[in-house]
Amino acid sequence: RLAAVAADTTGLAQTLAAFAAGEPAPELVNGHPRQEQPRLAFLFTGQGSQYTGMGRALYDSEPVFRAALDRCEAIYRQASGESLLDIIFDQNGSQAGRIDHTAVTQPALFAVEWALAELWQSWGIRPEIVTGHSIGEYVAACVAGVFSVEDGIKLVMARGRLMGALPAGGMMLTLFAPVEQVLEAIGGRRQVSVAAVNAPDSTVISGAAQEVEEVGEIFKARGVQSRPLMVSHAFHSPLMDPILDEFERTAAACRFSKPSIALISNLTGKPFAEGQIPDAAYWRKHIRGAVQFAAGMQSLHQLGYGLFLEVGPSPVLINLGKRCLPEDGGVWVPSLRQGQPESTQILKALGMLFAHGVPVDWDRIDGPEAYAVVSLPTYPFQHERYWFKTPARTARRDKAERPLLGKRLRSPGLQGAAFESEVHPEEL
């Protein structure tokens, strides 16, 4: 299968010509679907992927995305008295930097990612399993039917507000080392803990700045690289303990159900058991516990999933996921990329899914009147001639029985070949 994205027929012709000539064609993707339908997983991005203006072009061009985002906007405005969309899009520059404030970042990411999921599903792209990273798991749970979008917005608003109100002074640091080595280095330090295991060789620690720096120095002395994360607070660390009780009380007012589709837990890296419900107590532990993203990717791989769609404003989890699986362990599809035209990027992503065998509801994209489906042969053309290669004569019939016309008809064939035939008057 092959799919190309173009603004007009001229661009499409140029893209196809480049592909036929074996030249690079950035807006074209091709693949070989397997005999069976591929197993598709949605990955929902966590905090750090946000940026001002995310989703703006889709909001203007895609009615389903706009309706979903407007629904989140109405819930947020009723609860807070201000506009979430004004903060996300910031068209007049009055909200500079607010998108990176934890209290706003979390509901903003939830809204954009849920709207993206609604858009994908309206096009017939539906996951068999979902997972997310930290705040992304809230969107995954909502898509899986664990709670309504109304409760989801309220949960992430409370989560972000409580986290944002904590004292500053925490720190998060990525260490490019296995989690076992990191736990050994942490030792008896009480104000630092593992916040996330993102890959076999990528572990995030979080907590009081002094203790985080001490652990970082241990690995620096070993020649191990590290990278501090630009965050306002030390998420998934002991510094989150003061907000746990209040958050659980808020969460207890929400209604939780068992997942309607498979959902992988950040806390265990495994799918929830049949009938298990992620309730208020679970989301309390979720704030404090380490994100087991690497284990979650291993679970997906073991369950036979090989097609991963990242549902978020930036492809953060794709880069991590590739480090968790073998080199040929999956096909990675980003919904959006910062700095890339959103409509082009999401259509290219759609083309990637189609090229790898995912069914697409084309009528829901632009409507059946917007395109024509052309049936083409699914086999190579048969290059066989059906012309006589040498002159041939029909047998002369008995003149007494059927008198012949006094002329011969001569018909040209391919490459000078011809055939002659004697024709009876009745046959004319």
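For this structure, a couple of remarks:
- Residues with amide H under 5 Å from that of Ala196, placed H, sequence gap 5 or more: Val204, Val291
- DSSP bridge pairs, the chain: antiparallel proportion in percent, nearest 5: 60 percent
- Linear extension gain, Glu180 paired with Ala7, 0.36 nm per residue minus alpha-carbon span: 57.2 nm
- Efficiency of FRET from Cβ geometry, Ser375 and Ser80, R₀ 60 Å, rounded to 0.05: 0.65
- Geometric descriptor of region 305-387, per residue, is 175 Å³ (volume of the convex hull of the Cα atoms).
- For Phe44, residues with placed amide H under 5 Å, excluding near neighbours: Thr131, Gly132, His133, Val311
- Region 234-306, Rg to Rh (Cα coordinates; Rh as Kirkwood inverse mean 1/r): 1.02
- Spin-label model, Asp245/Ser343: points 7 Å from Cα along the beta carbon direction are separated by 5.4 nm.
- Taking a straight Cα-Cα cut-off under 16 Å and skipping sequence neighbours fewer than 8 places away in the same chain, the aspartates and glutamates within cross-link reach of Lys285 are Glu137, Asp241, Asp245, Glu246, Glu248.
- Pair Arg56, Ala280: separation of 7 Å Cα→Cβ label points (nm): 4.0 nm
- Among the protein heavy atoms of region 192-313, carbon and sulfur supply 51% of the accessible surface, probe 1.4 Å, non-protein parts ignored.
- Net lengthening on full extension, Ser148/Gln37 (0.36 nm per residue, minus Cα-Cα): 37.0 nm
- Peptides 318-324, 380-386, ordered by how many other C-beta atoms sit within 10 Å of their residues on average, highest first, read 318-324, 380-386.
- Here the 3J(HN,Hα) profile of region 71-76, calculated from phi with Karplus coefficients 6.51, -1.76 and 1.60 at θ = phi - 60°, is 5, 5, 4, 5, 5, 5 Hz, Gly and Pro shown as x.
- Most mobile listed residue (Pro278, Pro341, Pro313) in the chain, GNM with C-alpha springs under 10 Å: Pro341
- Quotient of the Cα radius of gyration of region 74-167 and 2.2 N^0.38 Å, N being its number of residues: 1.12.
- Spatial separation of Cα centroids for region 273-295 and region 212-239, in angstrom: 24 Å
- Within region 72-116, all pairs of alpha-carbon atoms sorted by distance into 5 Å bins from zero give the percentages 5, 24, 33, 27, 10, 0.
- Fully extended contour minus Cα-Cα distance, from Val64 to Val224, at 0.36 nm per residue: 53.0 nm
- Cα-Cα separations in the chain greater than 30 Å, expressed as whole percent: 52 percent
- Heavy atoms of Arg189: accessible area, 1.4 Å probe, square angstrom to 10: 70 Å²
- Region 339-392 versus region 127-157: alpha-carbon centroid distance in Å: 36 Å
- For region 1-25 and region 31-87, distance of Cα centres in Å: 29 Å
- Hz values of 3J(HN,Hα) by residue in region 206-223 - Karplus curve (6.51, -1.76, 1.60), Gly and Pro given as x: 8, x, 4, 4, 4, 6, 4, 5, 4, 5, x, 5, 4, 6, 4, 5, 8, x
- Gyration tensor over alpha-carbon atoms, region 164-282, equivalent ellipsoid semi-axes in Å: 30, 19, 11
- Residues whose placed amide H lies under 5 Å from that of Ser335, excluding near-sequence neighbours: Glu310, Gly312
- Rolling a 1.4 Å probe across the protein heavy atoms gives the chain an accessible surface of 52 Å² per residue.
- Residue-by-residue Karplus 3J(HN,Hα) for region 178-184, coefficients 6.51, -1.76, 1.60, Hz, glycine and proline x: x, 4, 4, 5, 5, 4, 5
- Taking all protein chains together and rolling a 1.4 Å probe, Leu347 ends up with roughly 70 Å² accessible.
The values are calculated or read from the model by the stated rules, or taken from the named source; none is laboratory data. Computed from a predicted structure; not experimentally measured. Cβ atoms come from the backbone with ideal geometry, glycine included; neighbour counts cover every protein chain shown. For the accessible areas, the whole protein counts, side chains as well, though only heavy atoms, and no ligand, DNA or RNA atoms are used. Shrake-Rupley method; radii C 1.70, N 1.55, O 1.52, S 1.80 Å.
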